[in-house]
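What follows is a single structure, and I will ask about it in a moment.
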Amino acid sequence: MLEVKNVSKSFGGVKAIQDVSLTANKGDIIGIIGPNGAGKTTLFNVITGVYKADNGNVILDGKEITKMEQHMITREGIGRTFQNIRLFKGLTVLENAMCAFDPLSKYSIFDGLIPTPRRLAEEKRGREICEHYLNVVGMLQHKNERPENLPYGLQRKLEIARALTCHPKVLLLDEPAAGLNPTEVKELTELIGRLCEDIGFAILLIEHRLELVMGISHRIHVLNFGKQIAEGTPDEIKENPDVIKAYLGEGEIKC
Amino acid sequence: MQFYISILTFTLISVIAVTGIYVLTGLTGMFSLGQAAFMAIGAYVSGYLVVKLGVPFVLAAIIAVIISVMVGYIVGLPTVRLRRDYISLVTLGFGEAITALLNQAQSITGGALGFSGIPKITTLPLALISAIACIVLISFLKNSKYGRQCIAARSDELAAKTMGINVPQIKMIAFLISVAVTSYAGVLYAFFTTYVDPGIFGWKKSAEWVIMVFFGGVNSLTGSIIGTVILTALPEVLRFAADYRTVFYAVLVLIIINFKPTGLFGEYELSLVNLLKRLSGKKEERANA
């Protein structure tokens, strides 16, 4: 479904990612791990169009999306969450989710100034979709609260609900467990597994908590200094000498 | 009496202009220092049409607003793609260019002497109805998908794009609505004072409006309106203290910005529902205590 082919991106002299490729099919959970600065988030930014790739292609369902505008890429079916939570301040939880529905909402600026029946019907449809997804992540009871007043774990879940409202074919999760306590991590792991089964999209997951990645990923890609150093099932990755070297360093093993 | 009616009408015209600024600065987070130029376009075009060409007032008002929106579209095309501070620069330049143009084109606008002989059509009821209509329309807009997308784009542009929001387009819509409302305020202004000159439509006017929005509460439409009423009426009421009123104005603004950076109202919207909620909330607090 999603194909990333030999993508490279440099910032000045820094080669943030070089020649990275991956494929994700429906129902896959693909883990992406690597030390800090390995280029994981850059890869996400290239896929979602925040940065344009220097070389290589990103293809979604056979359609080239490499050079498309960010908002068009989202409408093609790529949703994401952010490493540093980026919710909209000044809007409630429900309205945050509604923002992801609004670009597809079918009413004109005229209906925007006057509440016509068409507008009311579309707003109702949007509200129902958003309430459904808030329910899926288990935070429907918070829908009228302000996200900035919620605990970190719920903010992360709201980001996922908001990304789901875009009806993605591929969902990119950028460190969804960062800053969560063990209970919240467990809940999140269950949620990700459940989403993948129920909704049936592909998930790309960047995560530092190895127990989470190893536990739910079907395949794992390892990046280091912008290069892909390994790819395989969680068990293969655990045994891979290159990965161990990248994570633990080398030469000190004798002691 | 005439004096107070006149102050009231001026205040209402300012309220209309500020609802336009609210859409731009409050909802979308764009700072324009050239919005007064659109008021000038509204005032001059409608005045010219009525005085020189004998067009009926209503038609002239509509044409003036349409022309302003067309000019706004051209100015907006590059502007909406810029970062916040650059938007202020571009609109400042545009506003000053319009003022200069009005000064130079003497044969049409009367130059620095101003354009006079406009019939007095704007009355207090007309200004009042217009103000209420603008407030109602804009408050509906705030709660629509457009309002939400504006707030999303203001709050986090990158995240907004990632949610599929076409940010430049949303900014353009907000800008054009703001232009339409501001130029309509210009029409009312011209037909109230019966005389316009380029001097009053400079960047100072635009900056004053931005101050009013911030004073009342940048995230609250009703707050912005009340801020406008206070800051427009105050200098008039304080006329007896002629020399000190600017000082008073400045001190008041500084106090608010210092002690309540989100403005008088913050995010609170004055409405019957919210008022009732507030009252019942207080009762509950008391009951709990």
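Nothing in this text is a laboratory measurement; each read-out follows from the coordinates by a stated rule. Just so you know, these numbers come straight off a predicted model, no measurement behind them. Counting neighbours? That spans all protein chains shown, and the Cβs are built from the backbone with ideal geometry, glycine included.
Consider a paramagnetic label point 7 Å from the Cα of B:L82 along Cα→Cβ; state which residues of region B:182-214 have an amide N under 19 Å from it.
Those under the cut-off are B:202-211.
Once the Cα gyration tensor of region B:2-288 is diagonalised, what are the square roots of 5 times its eigenvalues, in whole Å and ordered largest first, as equivalent ellipsoid semi-axes?
Numbers: eigenvalues 194, 117, 66 Å².
After diagonalising the Cα gyration tensor, the semi-axes are 31, 24, 18 Å.
Also: Arrange B:I151, A:I65 by Cβ neighbour counts within 10 Å, fewest through most, would you?
Values: B:I151 24, A:I65 20.
Ranking B:I151, A:I65 by Cβ neighbours within 10 Å, fewest first, gives A:I65, B:I151.
So which lysines can A:K5 reach, going by Cα to Cα under 20 Å and dropping same-chain residues fewer than 8 places off?
Excluding near neighbours in sequence, the set is A:K15, A:K26, A:K40, A:K52, A:K63, A:K67, A:K169, A:K227.
For A:G34, what residues show an amide H to amide H distance below 5 Å, using hydrogens built from the backbone and excluding near sequence neighbours?
Long-range HN contacts for A:G34: A:L223.
Continuing with this model, one more query. Within region B:168-289, how many Lys pairs sit with Cα atoms under 25 Å apart, leaving out pairs fewer than 8 places apart on the same chain?
Lysine pairs meeting the criterion: 6.
I need to check one value: relative contact order of region A:2-248, counting alpha carbon pairs closer than 8 Å and at least 6 residues apart, in percent.
Numbers: 447 pairs, mean separation 72.6, N = 247.
Contact order relative to length: 29 percent.
Over the protein assembly as shown, what number does the Rg to Rh ratio reach, with both radii from the alpha-carbon atoms and Rh per Kirkwood?
On the way: Rg = 27.9 Å, Rh = 26.1 Å.
Value, to two decimals: 1.07.
Below 18 Å, Cα to Cα, which aspartates and glutamates can A:K89 reach? Residues fewer than 8 away in the same chain don't count.
A:D102, A:E145, A:E148, A:E159, B:D156, B:E157, B:E267, B:E269
Then there's this: Hey, how much of the P(r) for region A:108-206 falls beyond 19 Å, as a percent of Cα pairs?
Working: 2386 of 4851 pairs.
Pairs farther apart than 19 Å: 49 percent.
Continuing with this model, one more query. Between A:K186 and B:F3, what FRET efficiency comes out of the Förster formula 1/(1 + (r/R0)^6) with R0 = 56 Å and r the beta carbon distance, rounded to 0.05?
On the way: r = 71 Å, r/R0 = 1.27.
Result of the calculation: an efficiency of 0.20.
Going by amide H atoms built from the backbone, whose H comes under 5 Å of the H on B:I165, apart from near neighbours?
Residues meeting the amide H criterion: none.
Then there is this: For the residues B:F94, B:F3, A:F88, what sequence is obtained by ranking on other C-beta atoms within 10 Å, fewest first?
The fewest-first ordering by Cβ neighbours comes to B:F3, B:F94, A:F88.
Treat each spin label as a single point 7 Å out from the Cα along the C-beta direction, and report the B:L126 to B:N258 distance in nm.
Modelled inter-label distance: 4.4 nm.
So for B:M172, A:M139, A:M98, fewest C-beta neighbours within 10 Å to most, what's the order? Write down the numbers at each step before the final one.
Working: B:M172 19, A:M139 22, A:M98 26.
Listing B:M172, A:M139, A:M98 from fewest to most nearby Cβ atoms yields B:M172, A:M139, A:M98.
To continue, here is another question. I'd like the distance between the alpha-carbon centres of region B:1-59 and region A:121-185, rounded to an integer number of Å.
The distance from the Cα centre of region B:1-59 to that of region A:121-185 comes to 43 Å.
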